[in-house]
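Accompanying notes for the structure given below.
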Amino acid sequence: MGAISFVLNLRSKLSDQEAEYVRKYKLGKDILYEKASVMDKLPKLGPVQRLFSVFAAKAKGHIFTVNDLVKGRTVECKDIIEMIEAEEQIKKAAQSFHNVLQTCQQFGGEEVIKYPRDE
């Protein structure tokens with residue numbers, strides 16, 4: 001009898017304008033999801049080990065970026081609790097990414113805010 005695994009398949013479909021924002025503002029390499037246990041170990045590692053660990057975690061689906069979300073990505077979880085936690089974290093990351101895209105849409109290149117504000 002085989003082991004049970006839980007898999008989340010993720011993919012975001014961007015409009016042409018949203019894809020342009022990703023390109024223009026170089027958002028593709030921004031990390032949207034990282035499995036907490038993987039990232040907790042990184043500060044304790046040396047620079048070479050840290051780099052290797054990040055690549056290994058990315059390959060295993062423990063870290064994914066905006067590019068991964070756009071192209072599609074699979075996150076494999078060992079149990080249902082891990083899957084639920086990953087799903088919650090991914091939903092939060094997707095909402096944050098949506099907020100970034102909304103900001104890109106409204107951004108005109110420069111905004112000046114004076115402090116203290118006159119009220």
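Readers should treat all values here as calculations from the given coordinates under stated rules, not as data from a laboratory. No experiment lies behind these values; they were computed from the predicted model shown. Using ideal geometry, Cβ is built from the backbone for each residue, glycine included, and neighbour counts are taken over all protein chains shown.
Some notes on this structure:
- Cβ-based exposure ranking for Ser12, Ser96, in which fewest neighbours within 10 Å come first: Ser96, Ser12
- Members of Lys26/Lys78; Lys26/Lys91; Lys92/Lys114; Lys91/Lys114 lying beyond 27 Å, as alpha-carbon distances in this model show: Lys26/Lys78; Lys92/Lys114; Lys91/Lys114
- Close amide H partners of Cys77, meaning residues 5 or more places away or on another chain with modelled amide H under 5 Å apart, are Phe6, Val7, Leu8.
- Taking the average, over residues, of other Cβ atoms within 10 Å as the packing measure, peptides 63-75, 79-91 rank 63-75, 79-91 from highest down.
- Net charge in the neighbourhood of Lys71 (other residues with Cβ under 12 Å of its Cβ; Lys, Arg +1, Asp, Glu -1) is +2.
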